[in-house]
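Below is one structure, written out as structure tokens; comments come after it.
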Amino acid sequence: MIESLALILLCQLIGEVLVRLTHLPVPGPVIGMGLLFAGLVLRGGPSEKLTATANGLLQHLSLLFVPAGVGIMLHLGLIEAQWLPILAALLVSTAITIAITGWLMQRLADKGAGE
């Protein structure tokens with residue numbers, strides 16, 4: 001389990017370093033998880049230890065939302081002052097996401113039906 005956690009954290013660290021060096025507008029852990037995914041694809045899948053570690057993390061996923069909740073409570077005054085732009089951004093981004101997902105599903109369904 002320690003080796004698997006070290007691998008996950010190492011990928012996140014590499015992602016963070018790449019973001020800092022290249023000034024990409026993407027969180028480092030996202031790049032790191034992409035690197036981990038690429039490594040797993042090249043390797044042919046995760047090991048049993050990595051699978052067990054990932055399942056253990058997923059079982060306690062709700063704990064990872066605690067910092068986000070604390071951040072919301074900490075900045076509640078700012079959120080109250082800016083509720084309209086936040087609401088507009090949420091509604092617009094949700095609508096765009098639904099539209100793109102629907103369009104992509106139609107394209108994939110048409111492609112699959114044509115074969």
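The values are calculated or read from the model by the stated rules, or taken from the named source; none is laboratory data. Computed from a predicted structure; not experimentally measured. FYI the Cβ positions are ideal-geometry reconstructions off the backbone, even for glycines, and counts take in every protein chain you see.
Observations
- Condition met for L91 (out of contact with any Ser or Thr (no Cβ under 8 Å at 6 or more places or on another chain), modelled with pLDDT under 95 and surrounded by 10 or more Cβ atoms within 10 Å (Cβ to Cβ)): no
- Filter result (in a helix (DSSP H, G or I) and surrounded by 10 or more Cβ atoms within 10 Å (Cβ to Cβ)) within region 75-88: L76, L78, I79, A81, W83, I86, L87, A88
- Meets criteria (over 19 Å from L9 (Cβ atoms), part of a loop (DSSP other than H, G, I, E, B) and small (G, A, S)) for G45: yes
- Residue ID - farthest from the chain's Cα centre (by Cα), chosen from residues in region 46-67 that are under 21 Å from G34 (Cα atoms) and among the hydroxyl-bearing types (S, T, Y): S47
- Comparison of L24, L7 shows that the only residue that is assigned to a helix (DSSP H, G or I) and at negative phi is L7.
- Candidates L57, L36: the one that is in a helix (DSSP H, G or I), surrounded by 12 or more Cβ atoms within 10 Å (Cβ to Cβ) and in contact with a Leu (Cβ under 8 Å, 6 or more places away or on another chain) is L36.
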